[in-house]
Each structure stands twice: as C-alpha cells, then as structure tokens.
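Since every read-out is calculated from the coordinates, none of them should be taken as a lab result. Only a predicted model underlies this, so the values are computations on that prediction, with no experimental measurement involved. As a convention, Cβ positions derive from the backbone with ideal geometry for all residues, glycine included, and neighbour counts pool all protein chains shown.
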Amino acid sequence: MPESITVQRGVAASPEQAYRYFTNGTLLREWLSDLATLRPEEGGRLHLAWNDGYGMVGNFTSLVPGKKVAFTWVGSTDQAASQVTITLEPSGEGTSVTAEQTIPQGAAEGLGAVMTKSWESSLENLASVIETGEDLRFTRRPMLGVMVDAELDPEKAKKHNVPVDHGVVLGGTVEGMGAAAAGLAGGDAVVRIGDTPITGFASFAVALRPLNAGDTVDVVYYRDGEERTTAMTLSGRPIPEIPATAAALAAHVRELYDWVDGELVGLFEGVDDAAASKKPGPGEWSAKEVLAHLLDGEGDYHSYIAELVQGAERMSDGPFDNSDLRTRVTADSYASPEEMLAAYRHLEDQTVAILAALPDEFVARKGSYWRLAYGYTQARPHYEEHFAQIRAALKMGGV
C-alpha cells in the first residue's frame with residue numbers, strides 16, 4: 001500500500017460550502033494556487049499552477065458533493081502520479097477538512113514532510129479565506145511599495161535604455177515604504193531582488209515569498225542605462241479596514257470617485273480637444289488618451305465584478321500591457337474632454353450601483369468580497385499616477 005500523508009483542519013463553513021472551494025477555479029485561486037482551471041466531473045481535468053514555476057495536472061476520480069473530492073496529482077517535479085483525497089465531515093457548526101495524499105514512487109527523501117507542511121499552510125489559508133476573507137499568502141507577504149509601469153521585453157528594454165531583456169519598469173513608489181526609502185523611483189527598471197530574477201510582475205511575489213517584513217534584501221536595477229544595487233528593508237503590509245457591507249463599499253467608492261472627478265475637472269478646465277490630443281512624445285499617451293484608459297478600465301471593472309460574483313473569473317498569464325489601439329479609438333470617438341468626463345461619470349455611477357446591489361451570498365463569500373473591496377481601498381495611488389501623466393502631457397502640449 002502506498003505511503004501517504006494526512007492533514008486535517010476545521011473551517012467555518014458547511015460541507016457543501018467547503019466542497020466549492022475544491023471544485024471552483026476562482027475559489028481555488030483564493031487559497032491554494034495562483035492559477036486554476038478545471039472541469040469538476042469524474043474524469044474531468046484539473047490544472048493548478050503557482051507563480052514560482054511549479055504546477056500540477058490531474059483528473060478528478062471521485063466527486064461526492066459535500067463529502068468528498070478526489071483527484072490524481074502529477075507535479076512538474078514528480079516522477080509519477082499521486083492521489084489526493086479530500087474528505088469533508090460536519091464538525092460542530094463547521095466542517096472538518098481532511099487532505100490525504102499518497103507519496104509518488106521514486107520520490108525524493110523528505111518529500112512527505114514537505115507535502116505535510118504545504119497542506120498545513122494551505123488548509124490554514126483556506127480557513128482564513130473562509131472566515132475572514134484574508135489570503136495569508138498576500139496579507140503576510142512584505143511590501144516593496146512600488147507601482148508598475150511596464151514589463152520589459154527586448155523592444156521595451158531598448159526604449160528604456162536597459163541592456164538586459166527582462167525586468168519591470170516602475171511607474172512610481174509609495175512614500176514611506178521600503179522602495180522609496182531605498183532610493184528607487186519611477187522609471188527605474190528592477191531586474192533582480194535577492195537571488196530572484198525579475199521577469200515580470202508575478203516574479204515580485206516569488207522573490208518576496210521566503211522573506212518577512214523587516215528583512216533587508218539587495219535590489220538590482222537600472223537607471224539611465226546604469227546598473228545599480230541598493231539594500232532595501234521590506235515594509236509590513238498595512239491592512240486597511242474593509243467595508244463590511246455592499247452598501248458601505250458602494251459609499252466608499254462613491255467618495256473615491258467624487259475625489260477623482262474633482263481632480264479631473266480641475267486638470268481639464270479650459271483645455272480644448274486639440275490641446276488634450278497632443279502627445280508628449282512618440283509612443284506616449286496624450287491627456288485625452290489617459291482619460292480614455294480610465295474610461296475603458298471602468299467598463300472592464302463591470303465585467304470583472306460580474307465574473308467574480310459568478311465565480312467565473314477570467315485569468316491571464318501576461319505579460320499584460322494596455323491596448324494602445326483600444327485607447328486611441330476610445331479617445332478619437334469623443335469630440336472633447338468634457339464629453340469623455342461625462343461618459344466617465346456615467347460609468348462610475350454604474351459601478352457604484354453594481355456594488356450597492358452585490359448579492360448577500362457574494363458578500364458572505366468573504367475571500368472574493370475581500371479581494372474586491374481591498375482593491376478599492378488601494379486605488380488612490382493608481383489614479384494619482386494617471387493625474388501626473390495628464391499634467392505632464394498637457395505641459396508638453398503647451399497648456
């Protein structure tokens with residue numbers, strides 16, 4: 001009989017609710033993996049992946065709603081398949097979740113201990129996501145305090161005068177956080193953190209995974225074509241108070257949008273369409289195109305919220321870049337900045353209405369609701385970055 005490991009954890013959910021966290025891609029990503037695609041039926045596929053490069057494929061072998069989920073597991077470093085069996089049993093007002101996994105033939109010595117530790121931390125995270133909404137992989141992770149402008153490829157590296165073909169160009173840093181204190185700034189291209197090459201936004205998480213707040217790590221970056229290294233002390237992640245209800249979230253976002261609208265009205269006051277359409281340089285957005293990006297993004301939020309509520313969230317491996325084609329067409333389809341601002345306010349009103357109407361069962365699904373609400377609590381730096389783009393574009397255009 002194959003050797004196996006067993007881990008048990010109680011969670012504050014009914015067996016039927018807990019079952020969904022093993023059979024829905026959106027929910028699996030909230031506590032177990034970074035990517036999950038699956039067809040939850042016997043014989044159906046299962047594919048999980050993590051940002052550090054590890055992944056698994058398997059097939060469901062048994063599905064008993066509210067009681068059992070079983071599937072094969074072939075990891076990217078495994079020589080043979082193992083079997084995972086999840087058993088769900090009522091326990092008080094919650095559920096006892098038991099994860100059992102066989103150890104593959106020919107496995108390296110010590111793999112059982114590694115698997116045990118992995119399932120212990122994963123089930124601890126499942127309990128946290130269900131009970132508080134917090135993904136511990138995120139809330140316990142230290143922060144750099146950066147905003148990303150672009151992920152480098154050879155063409156972008158040449159544009160930014162970086163003599164390597166990988167890295168992430170910073171759009172800015174957050175005052176009071178580790179990156180700013182270490183001297184990093186917008187326009188810097190980060191290529192390595194500690195021993196981890198930075199190849200895209202996801203590699204930040206890989207670099208930070210083994211580190212804690214207060215740790216100091218070397219950051220290699222390029223500024224004006226010159227390679228530099230700085231020691232950065234990692235900041236703790238401040239966790240804001242999350243609006244507890246749909247109504248409270250809608251009110252928070254309404255206040256945010258009132259501030260955004262006031263800033264935009266001031267920026268475009270007295271600016272005609274010709275001035276707003278001037279590009280500050282080749283390949284850069286005009287002030288009107290920055291506004292088009294905000295307008296397009298607001299419409300995208302509507303689709304994202306609907307997908308999250310339905311538990312059918314679309315995912316992309318990236319790298320992700322904004323569509324200049326879409327931005328240009330959106331900007332050209334409006335006769336003036338005033339028309340665009342009016343359309344943008346209409347979309348904002350729709351967003352607030354959608355948030356106010358979030359179903360109670362979605363708000364009770366704390367992991368998904370927490371992610372949605374947290375994003376809005378962190379939105380101001382993103383808007384401030386775009387306000388700076390608009391100011392720069394109008395200044396270069398002579399306004």
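Side notes on the structure shown:
- Cα long-axis angle, helix 380-396 against the chain (0 to 90 degrees, to the nearest 10): 30 degrees
- Cα shape, the stretch 193-298, gyration tensor, a/c 1.5 rule: oblate
- Once both labels are positioned 7 Å from their Cα atoms along Cα-to-Cβ, the gap between Arg314 and Ala185 label points is 3.8 nm.
- Peptide ranges 203-211, 140-148 listed from the most packed, as the mean C-beta count within 10 angstrom indicates: 140-148, 203-211
- Relative exposure of Tyr54, Tyr383, judged by other C-beta atoms within 10 Å (fewest first): Tyr54, Tyr383
- Projected-area average for the stretch 4-135 over all orientations - Cα convex hull basis, square nanometres: 7.2 nm²
- Relative contact order [Cα under 8 Å, 6+ residues apart], the chain, whole percent: 14 percent
- Compactness of the stretch 134-257, taken as the C-alpha radius of gyration over 2.2 N^0.38 Å, stands at 1.18.
- Crossing angle, helix 366-377 versus the chain [Cα axis fit, 0-90 degrees, rounded to tens]: 20 degrees
- Of the peptides 280-293, 4-17, 232-245, the order by per-residue mean of other Cβ atoms within 10 Å, starting with the highest, comes out as 280-293, 4-17, 232-245.
- For the stretch 246-396, the relative contact order works out to 45 percent when only alpha carbon pairs closer than 8 Å and six or more residues apart are counted.
- Label zone of Glu175 (point 7 Å out along Cα→Cβ, amide N under 19 Å): in the stretch 365-399 this covers 378-392.
- Taken along the Cα-to-beta-carbon direction at a fixed 7 Å, the label points for Asn322 and Ser121 span 3.5 nm.
- Per residue, the convex hull spanned by the Cα atoms of the stretch 234-347 measures out at 182 cubic angstrom.
- Ordering of 182-191, 83-92 by burial proxy (mean other Cβ atoms within 10 Å per residue, highest first): 182-191, 83-92
- Residues whose amide H lies under 5 Å from that of Ser4, counting only those 5 or more places away or on a different chain, are Ile103; hydrogens are built 1.01 Å from N in the peptide plane.
- Efficiency of FRET from Cβ geometry, Thr61 and Tyr304, R₀ 25 Å, rounded to 0.05: 0.15
- Ala12-Asp195 pseudo-label distance in nm [points 7 Å out on the Cα-to-Cβ vector]: 3.9 nm
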